[in-house]
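Input: a single structure, listed below in structure tokens.
The values are calculated or read from the model by the stated rules, or taken from the named source; none is laboratory data. Since this is a predicted model, take the numbers as computed values, not measurements. All Cβ positions, glycine included, derive from the backbone under ideal geometry; neighbour counts span all protein chains shown.
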Amino acid sequence: MAEPEILFERRGHAGLVTLNRPGALNALSHGMVTALAQTLEGWRSDPEIRLVIVRAVGRAFCAGGDIRAVYEAGRGSSAQKAFFEAEYRLNAAIKAFPKPYVAMVDGYVMGGGAGISVHGSHRVFAEKAVFAMPETGIGFFPDVGSSFFLSRMPSQVGLYCALGAIRLARGDAIHAGIATHAAPAATFEAIIARLAEAADVDAVISEFAEPTTPETLGSLAPAIEAVFATGSVESILARLDALQGPLADWGGDTAAAIRGKSPTSLRIALRQIRAAGELAFEDCIRLDWRIANAILGGHDFYEGVRAALVYKDQSPRWNPATLEAVDPGVIEGHFVAPLDGDIPLP
């Protein structure tokens, strides 16, 4: 019998969640999402559970939602919408969870993995933890409520991450507010054991925490803000292209990364994240629902998944293929509520 993809146990006063799908980098299946949501609902009102801890087996915390399964479900299928509705409702439930929610992150935390970690109260990153929102590279968009925290990162770092699918190592993640603490992976079991018995979550984690410095964002933050703060995707690219001196290589590499992404996704993500800075979290989730419904009826998501995960040729053929060819009316349609209404939130 195959092992469950997600495990739940009570350890002292803690509810312990273990993502157990290491062969898929703990990508979230619909079943995992549903099981976690149901368990959190029970633990929410259980007086014996004082906090929740989420960890993972293998070399990734969670590489995202199971996008390939969404692709294989077929365009416009009920299974597609059911998955995203369940995932977004789970993200909202985590954000509103009334008890400490501690994510122990080792390895990759991307996309849907950020949705089940960053919205919690504490995010402890190990040495090899790496954060990214890579959705523009598969013709999708930064969802799972990520626009809420991306839009609130310092120095426009969130928009930089979203448009270029930029990866942040642990020190940068602390600087950007993605992680709240850094601790060695070798101490994770000891932290969990102490948390299960202690009353003061912050005090326990602080005992094991170690100092970090940003890998890149400390020096790049002024340039990121100058490049990404205003204007269209085209103007951002023009500013990157114009960089000279010590920043020229960074500008060229970043521009090349952005130019490889879906033009439609880039336009959506820019507008979405700029708007999210003025939105409450629940409204960011509602906006995600609107965009997801529209994007699943388009072309680029299926082409992006085909190129990245199915045939793995890494050569997506975006349609439209250029930013200039993207119809503003089509982009506008992604921000309108679907005919059956906005997502009902818990």
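Summary of values
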| quantity | calculated |
| --- | --- |
| Condition met for Ala186 (in a helix (DSSP H, G or I), out of contact with any strand residue (DSSP E or B) (no Cβ under 9 Å at 6 or more places or on another chain) and not aromatic (Phe, Trp, Tyr)) | yes |
| Given (1) touching a residue at least 40 places away in the same chain (Cβ under 8 Å); (2) surrounded by 18 or more Cβ atoms within 10 Å (Cβ to Cβ); (3) assigned to a helix (DSSP H, G or I), index of the condition Arg274 fails | (2) |
| Count of segment 160-175 residues which are aliphatic (A, V, I, L, M), surrounded by fewer than 24 Cβ atoms within 10 Å (Cβ to Cβ), over 17 Å from Ala209 (Cα atoms) and touching a Phe, Trp or Tyr at 6+ places or on another chain (Cβ under 9 Å) | 1 |
| Helices (runs of 4 or more DSSP H) contained entirely in segment 198-259, each with at least 1 residues that are out of contact with any strand residue (DSSP E or B) (no Cβ under 6 Å at 6 or more places or on another chain) and over 30 Å from Glu48 (Cβ atoms) | 217-228, 233-242, 248-259 |
| All positions within segment 178-222 that are surrounded by 12 or more Cβ atoms within 10 Å (Cβ to Cβ), in contact (Cβ under 8 Å) with a residue 12 or more places away in the chain and of a type in the set (Ser, Thr, Tyr) | Thr180, Thr187, Thr212, Thr216 |
| Inter-residue pairs, beta-carbon under 7 Å, first closer than 15 Å to Ala269 by Cα and in contact (Cβ under 8 Å) with a residue 40 or more places away in the chain and in segment 223-235, second of a type in the set (Phe, Trp, Tyr) and surrounded by 13 or more Cβ atoms within 10 Å (Cβ to Cβ), 6+ apart | Phe228/Tyr160 |
| Unique match (being of a type in the set (A, V, I, L, M) and closer than 19 Å to Arg152 by Cβ) among Ala229, Ala255 | Ala229 |
| Odd one out for Asn26 among (1) modelled with pLDDT under 95; (2) closer than 30 Å to Ala165 by Cα | (1) |
| Conditions (1) touching a residue at least 24 places away in the same chain (Cβ under 8 Å); (2) in a loop (DSSP other than H, G, I, E, B): number failed by Glu303 | (2) |
| Hits in segment 9-38 (condition: free of Cβ contacts under 8 Å to residues at least 40 places away in the same chain and not small (Gly, Ala, Ser)) | Glu9, Arg10, Val17, Thr18, Asn20, Arg21, Pro22, Met32, Gln38 |
| So Gly111, is it out of contact with any Asp or Glu (no Cβ under 8 Å at 6 or more places or on another chain) and not hydrophobic (A, V, I, L, M, F, W, C) | no |
| Any hit, segment 317-335, residues being under 26 Å from Ala82 (Cβ atoms) and charged (D, E, K, R) | no |
| Residue pairs meeting the criteria (Cβ under 7 Å; at least 6 apart or on separate chains; first hydroxyl-bearing (Ser, Thr, Tyr), in segment 98-121; second in a loop (DSSP other than H, G, I, E, B) and surrounded by fewer than 23 Cβ atoms within 10 Å (Cβ to Cβ)) | Tyr101/Gly120; Tyr101/Ser121; Tyr108/Leu25; Ser121/Pro100 |
| Elements of type helices (runs of 4 or more DSSP H) contained in segment 111-167, each with 3 or more residues being closer than 23 Å to Ile205 by Cβ | 112-115 |
| Residue count, segment 319-345 (criterion: surrounded by fewer than 12 Cβ atoms within 10 Å (Cβ to Cβ) and closer than 22 Å to Leu270 by Cβ) | 8 |
| Residues located in segment 7-39, provided they are of a type outside the set (Gly, Ala, Ser) and buried (at least 22 other Cβ atoms within 10 Å of the Cβ) | Val17, Leu19, Arg21, Asn26, Leu28, Met32, Val33, Leu36 |
| Residue check for Asp283: part of a helix (DSSP H, G or I), in contact (Cβ under 8 Å) with a residue 40 or more places away in the chain and not hydrophobic (A, V, I, L, M, F, W, C) | no |
| Test: residue in segment 290-300 that is closer than 18 Å to Phe149 by Cα and either surrounded by 15 or more Cβ atoms within 10 Å (Cβ to Cβ) or at pLDDT below 95 (or both) | yes |
